[in-house]
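One structure is given below, encoded as structure tokens.
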Amino acid sequence: MAVPRYWREIPARYNLIGKRCKVCGRVYFPPRNICPVCRRKSVGQMEDYKLKGTGVVESYTIIHVPPPHFEGEEPYIMALIKLDEGPYVTGQIVECDEKDVHIGMRVRATFRKIMEDGEKGAIYYGYKFVKEEE
Amino acid sequence: MREVAVIGIGMTKFGELWDKSFRDLVAEAGVKAIMDAGIEGKDIDAMYIGGMSSGGFVEQEHVAPLAIEVAGLEDFHIPATRVEGACASGGLAMRQGYIAVASGIHDIVLVGGAEKMTDVVGTEATNVLASAADREWEAFFGMTFPGLYALMARYHMHKYGTTQEQLASVAVKNHYNGSMNPNAQFNRKISIEDVLASPMVADPLYLLDCSPITDGAAAAILAPLDIAKKYTDKIVKILASTQASDTISLHNRKRFDALPAAIHAARQAYKMAGVEPKDIDVAEVHDCFTIAEIMAIEDLGFFEKGKGGKATEEGLTAIDGQIPINTSGGLKAKGHPVGATGVAQINEIVMQLRGEAGKRQVKDAEIGLTHNVGGSGGTAVVHILGVI
Ligand SMILES: [Zn+2]
């Protein structure tokens with residue numbers, strides 16, 4: 001894939017920049033262009049908003065059969081995480097034993113390598129999550 | 001709006017069909033349906049074919065006119081359209097056919113669905129299927145399609161106490177049903193222990209909780225009810241055809257213990273048909289994973305939310321149970337050639353309503369339902385069919 005496809009998502013994937021609807025105050029991540037609550041009133045009213053990256057595990061799975069770019073990394077934990085600002089995201093949990101992960105576990109985002117586009121292609125980065133120390 | 005009937009059905013055997021190409025499958029299912037309906041190719045006014053990713057699986061797009069060509073019908077210049085909605089592509093093709101006939105635009109419509117999935121190797125099929133999820137915000141981060149259903153399974157287990165054995169009991173039932181279906185990919189029965197001993201794919205889903213990679217095609221012929229009798233006596237009426245959408249990513253949904261699109265489509269379908277869940281005699285639901293069937297029988301109103309696992313374990317969804325589910329073997333045992341699945345579901349319900357389902361026949365079946373889902377729930381299609 002051409003690099004711009006990844007480059008244009010960098011603010012969100014590196015720094016968790018989402019969107020906040022200036023009309024109702026709701027926060028969206030991944031970023032959205034239109035607030036589904038305010039709809040037309042939100043056009044042009046969606047501002048960048050940096051999320052803290054902290055949240056709680058709502059559900060999780062351990063991937064044993066990975067997609068092509070993740071071969072060799074299995075088993076790894078993928079989770080549905082409710083961020084403290086409200087939105088949910090899908091992300092990998094690292095540095096956590098698969099026996100320790102549980103629903104309700106507090107996590108925080110961390111900047112990591114996600115995958116390589118073949119041996120000569122670009123390396124793509126983004127967020128993964130680690131257990132938040134109490 | 002005109003009343004619409006299914007006057008013919010046809011499908012290939014489902015399975016790993018090394019000796020058959022995409023073209024062979026499409027031609028076989030289409031010809032069977034045409035012959036079953038008692039029509040001729042030249043009677044067809046339009047064709048809709050469901051396919052998720054012929055581009056991804058066999059590097060061929062533009063498959064609608066190709067289907068006309070392999071059927072030898074190019075001289076009639078029949079309008080042909082491919083319809084895509086991931087694993088709900090077949091159901092969408094059926095609904096497009098229904099709309100075309102009901103509106104009066106077309107009389108005889110051929111509806112098809114096909115997928116040739118075994119021509120790619122290794123993890124490529126997993127990658128193509130991941131296109132049904134959100135590529136930028138789910139798949140990019142390493143999420144897989146079974147992984148998304150695993151998230152829903154874990155959530156359902158945590159919230160309602162659904163057990164690993166209850167999940168497995170869906171697969172056991174569907175393999176039992178599939179053992180009586182000559183078109184099914186798997187004809188072998190399995191046990192709960194077999195499921196729990198199979199390799200883990202995405203915890204808590206074992207390999208035998210997942211539908212397989214399958215080649216296959218299915219077709220149906222639709223006609224206005226008032227002229228259907230001209231062609232055949234085996235007429236099944238379409239009582240409802242509904243469709244609903246939701247976010248394609250799981251994380252943007254309002255809930256994770258159900259597919260809101262399926263709930264929405266089902267409510268509309270019951271209203272359109274003037275029936276209630278208790279009136280349904282047999283249903284084919286989208287069991288791409290065992291948890292999907294448990295959520296489906298809840299979303300369709302057959303069981304209270306959270307009680308689907310227990311109902312399955314108690315045999316209430318068996319062929320002789322309170323509401324027989326997936327008599328064909330479902331996606332689990334019959335196989336899941338993604339684009340063909342929605343039309344294959346129609347094939348099974350039509351057979352049941354005609355009384356042609358052989359050993360897996362549900363006694364006195366008069367009203368049947370199909371539930372076809374795309375992705376992790378971004379698209380849902382429901383059809384209700386009835387005897388006349
Ligand atoms: Zn808003």
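The values are calculated or read from the model by the stated rules, or taken from the named source; none is laboratory data. Since the structure is predicted, the reported quantities are computational estimates derived from the model, not experimental observations. Positions of Cβ are backbone-derived with ideal geometry, glycine not excepted, and every protein chain shown enters the neighbour counts. Just so you know, the surface numbers come from the protein's heavy atoms only, side chains and all, with ligands and any DNA or RNA stripped out. Shrake-Rupley method; radii C 1.70, N 1.55, O 1.52, S 1.80 Å.
Here are some notes:
- Degrees, to the nearest 10: B:164-178 long Cα axis against longest axis of chain B: 30 degrees
- Every helix of 4 or more DSSP H residues in chain B counts as -39500 (n - 2.57), and over all residues that averages to -10500 deg cm²/dmol at 222 nm.
- Solvent accessible area, Å² - B:Ile323, 1.4 Å probe, full protein context: 10 Å²
- Ordered from highest to lowest accessible area with the whole protein assembly present and a 1.4 Å probe, A:Val43, B:Val58 read as A:Val43, B:Val58.
- Label-point separation in nm, B:Ser131 to B:Glu366, each point 7 Å along Cα→Cβ: 4.5 nm
- Between 0 and 90°, nearest 10: helix B:89-103 axis offset from chain B longest Cα axis: 40 degrees
- The length gained by stretching the chain between B:Thr81 and B:Val121 to full extension, at 0.36 nm per residue less their Cα-Cα distance, is 11.6 nm.
- Per residue, the average separation of C-alpha pairs within less than 8 Å and at least 6 apart gives region B:147-196 a relative contact order of 28 percent.
- Region A:52-131: Cα Rg divided by the 2.2 N^0.38 Å rule of thumb: 1.11
- Lys/Arg +1, Asp/Glu -1 at C-beta; region B:190-295 dipole; positive extreme among B:Ala202, B:His264, B:Ser249: B:His264
- Ranking A:Lys19, B:Lys20, B:Lys159 by solvent-accessible area of protein heavy atoms (1.4 Å probe, all protein chains present), from largest to smallest, gives B:Lys159, B:Lys20, A:Lys19.
- Restraint check, B:Lys237/B:Lys363; A:Lys22/B:Lys254; B:Lys310/B:Lys334; A:Lys52/A:Lys113; A:Lys19/A:Lys99, Cα-Cα greater than 27 Å: A:Lys19/A:Lys99
- Heavy-atom accessible surface that B and A bury in contact, both chains counted, 1.4 Å, Å² to 100: 2900 Å²
- Chain lengthening between B:Glu3 and B:Gln268 when straightened (0.36 nm per residue, less Cα-Cα): 93.7 nm
- Electrostatic dipole magnitude of chain A [Cβ: Lys, Arg +1; Asp, Glu -1; Cα centre; debye, to 20]: 1140 debye
- Per residue, in Å², the accessible surface of the protein assembly as shown once ligands and nucleic acids are set aside, probe 1.4 Å: 39 Å²
- This model, with +1 at the C-beta of Lys and Arg and -1 at the C-beta of Asp and Glu, gives region B:78-192 a dipole about its Cα centre of some 440 debye.
- Our coupling estimate for region B:27-32, obtained by passing each phi through the Karplus curve with A = 6.51, B = -1.76, C = 1.60 and θ = phi - 60°, is 4, 5, 5, x, 5, 4 Hz, Gly and Pro reported as x.
- Leading residue at positive end of dipole, the protein assembly as shown (Cβ point charges), from B:Ala218, B:Ile108, B:Thr118: B:Ile108
- Here region A:52-131 is assigned +1 on the Cβ of each Lys and Arg and -1 on the Cβ of each Asp and Glu. Its dipole about the Cα centre then comes out at about 360 debye.
- Furthest towards positive pole of dipole, A:Pro67, A:Thr90, A:Val107, structure part region A:52-131, Cβ charges: A:Val107
- Only protein heavy atoms count here; under a 1.4 Å probe, A:Arg26 has an accessible surface of about 110 Å².
- In order along region B:358-365, the Karplus-derived 3J(HN,Hα) couplings, from 6.51 cos²θ - 1.76 cosθ + 1.60 at θ = phi - 60°, round to x, 5, 9, 5, 8, 4, 6, 5 Hz, and Gly and Pro are given as x.
- For region B:142-257, the calculated P(r) over all alpha carbon pairs, in 10 Å bins from 0 to the bin holding the longest distance, is 11, 27, 29, 21, 10, 1 percent.
- Projected label distance in nm at B:Ala197 and A:Arg112, using a 7 Å step from Cα toward the beta-carbon: 3.5 nm
- Taking the longest Cα principal axis of chain B as reference, the axis of helix B:260-273 is set at about 40 degrees.
- Between A:Met1 and B:Ser103, the simple label model (points 7 Å from Cα in the Cβ direction) yields a spacing of 3.5 nm.
- Of B:Lys189, B:Lys32, the order by accessible heavy-atom surface (1.4 Å probe, DNA, RNA and ligands excluded), from most exposed downward, is B:Lys189, B:Lys32.
- Net charge of Cβ neighbours under 14 Å - reference B:Gly112; Lys, Arg +1; Asp, Glu -1: -1
- Accessible area of B:Tyr155 (1.4 Å probe, protein heavy atoms only, ligands and nucleic acids ignored): about 40 Å².
- Over the C-alpha atoms of region B:105-155, the Rg to Rh ratio, Rh being the Kirkwood estimate, stands at 1.19.
- As a calculated quantity, the FRET efficiency between A:Ile34 and B:Glu74 at R0 = 51 Å, using C-beta atoms, amounts to about 0.70.
- Overall Cα dimensions of the protein assembly as shown, principal axis frame, Å, largest first: 72, 49, 47
- Beta bridge orientation in region B:246-388: antiparallel %, DSSP, nearest 5: 65 percent
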